[in-house]
Amino acid sequence: MATILKPNKENLREMRKFLRLGELVAVPTETVYGLAANALDPKACQKIFTVKERPHNDPLICHVPDFESLEQYCETNPFAKRLAEAFWPGPLTLVLPKKSIIPDIVTAGRDSVAVRCPSHPIFRELIEGCDFPLAAPSANPFAYISPTLAIHVQANLGDRIETILDGGPCHLGVESTIIDVRDPKSARILRYGALPIEQIEDAVKRRVDRPLPHQSGMSIAPGALPKHYSPRTMLELRSVPVLEEELQKTDGSIAYLLLRKPSHSSSSNIHWLSENGELDRIASQLYSKLRELDAAGYKKIVVEEAPELGLGRTINDRLRRAAFQ
Ligand code: TXA
Ligand code: MG
């Protein structure tokens, strides 16, 4: 079983040593827990793919301490800089042309690399003492629900890794937003995420392209597969009117997951993600609630669709992939 470590100075020093030696460490970020390796060490990165059972055509995100350090790893441009000034450290990943120091295994052989600077204080302290970037996908088996607590990592990967750094619950709870800024004139969101697209557009005072439908196979973001983030229990998404009707005749073997607490309900199979429908709260609770319901032995999980704006887009994106058969 992996050891869950408190993030004190001594443990952080040990973890840096461990990473330098080519070992993996599960680490907290503000979005989800990541499974980190020295991004400049192909053998260490290979371990990530093995542990997660992740296909090699799915590239990894490189985590860096600041925008300035990007110089060593990729080509930057003024648009990328503007985004980093507005949102780093934070849940925004930039895709940029890579430099040769980044091993092919990290980028799945592409000539671009995804880079992000997380804001979680423990992660920042860890990476500021490293002289290499950290390649880190979410610390879950490929295609399962991402972890937002150290015990989620322990439950899924505890027998395959040695250490998990405990940073408490990830407060955003969904992965970073990924934007392709290789060509600033045609910047495109590749994955909806914790940073709403509206906030990006507000900051840069222009529209950015939305993800292409069905980004899979040969597309730019192979990780954005139609089926992902999935519980083992069958999951279905419902619009509000359909759900309301269904709730009239609920069957106890189906779990209903609502966005807000219902005004009157006593059924033990009815669950909710927030008191009043606050989207940031819903996002932060989503994965841990899905894990809980997945373990509870229901025949099916039925989830209420979020409004298609701001973080609601990200929530629906994850739910649609979780529901994909
Ligand atoms: O919030 C996050 O982004 C978390 C935390 C740990 O930082 N990480 C995360 O990593 O979600 P992961 O491996 O689950 O998702 C990485 C995705 C890939 O599946 C792919 O869609 C995209 O990032 N990606 C990585 N490199 C890329 C590249 N060069 N071009 C296009 N997309 C890329
Ligand atoms: Mg992932």
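The values are calculated or read from the model by the stated rules, or taken from the named source; none is laboratory data. Predicted, not measured: the structure shown is a model, and the values here were computed from it. Neighbour counts are summed over all protein chains in view; Cβ atoms, including those assigned to glycine, are modelled from backbone coordinates with ideal geometry. Quick note on the areas: whole protein, heavy atoms, side chains included, nothing else; ligands and nucleic acids left out. Shrake-Rupley method; radii C 1.70, N 1.55, O 1.52, S 1.80 Å.
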Nearest 10 degrees, 0 to 90: what angle lies between the long axis of helix 42-52 and the longest principal axis of the chain (Cα atoms)?
10
Whole-angstrom gap from region 83-142 to region 274-325, using each part's C-alpha centre:
26
What translational D, rounded to a whole number of µm²/s, comes out for the chain from Stokes-Einstein when the hydrodynamic radius is the Kirkwood one over Cα pairs, at 20 °C and 1.002 mPa s?
107
Tell me the per residue accessible area of the chain using a 1.4 Å probe; a whole number in Å² is fine.
43
Unsatisfied cross-links (Cα-Cα over 29 Å) in the set 47/98; 52/289; 6/300; 6/47; 261/300:
6/300
Computed, not fitted: 222 nm per-residue ellipticity of the chain from DSSP H runs ≥ 4 (each -39500 (n - 2.57)), nearest 500, equal to -9000 deg cm²/dmol
Could you give the Stokes-Einstein D for region 250-315 in µm² per second, using the C-alpha Kirkwood radius, 20 °C, 1.002 mPa s?
176
Excluding residue 92 itself, calculate the net charge of residues whose Cβ lies under 14 Å from the Cβ of residue 92, where each Lys or Arg counts +1 and each Asp or Glu counts -1.
-3
Checked region 94-216 with the C-alpha gyration tensor, a ≥ b ≥ c its square-rooted eigenvalues, rounded below a/c of 1.5, otherwise prolate if a/b is larger than b/c and oblate if not; verdict prolate
Around residue 164, what is the net charge, scoring Lys/Arg as +1 and Asp/Glu as -1 over all other residues with Cβ under 14 Å from its Cβ?
-3
Taking the Cα atoms of region 1-122 alone, what are Rg (to one decimal) and Dmax (as a whole number) in Å?
14.6, 46
Out of all DSSP beta bridges with both ends in the chain, state the antiparallel percent to the nearest 5.
40
What distance in nm lies between label points placed 7 Å from Cα along the C-beta direction at residue 227 and residue 260?
3.5
At 4 °C and a viscosity of 1.567 mPa s, what translational diffusion coefficient does Stokes-Einstein give for region 12-84, taking Rh as the Kirkwood radius over Cα pairs? Give it in µm²/s as a whole number.
93
Anchor residue 205: aspartates and glutamates whose Cα lies under 16 Å away (excluding residues fewer than 8 positions away in-chain)
85
Would region 80-156 count as rounded, prolate or oblate if I go by the C-alpha gyration tensor, calling it rounded below 1.5 in a/c and otherwise prolate when a/b exceeds b/c, oblate otherwise?
oblate
For labels at residue 240 and residue 57 in the simple 7 Å Cα→Cβ model, what's the distance in nm?
4.0
Using a 1.4 Å probe over the heavy atoms of the protein chains, calculate the carbon and sulfur portion of the accessible area of the chain as a whole percent.
52
extent check for region 186-306: Cα max minus min per principal axis, descending, whole Å, gives 50, 32, 24
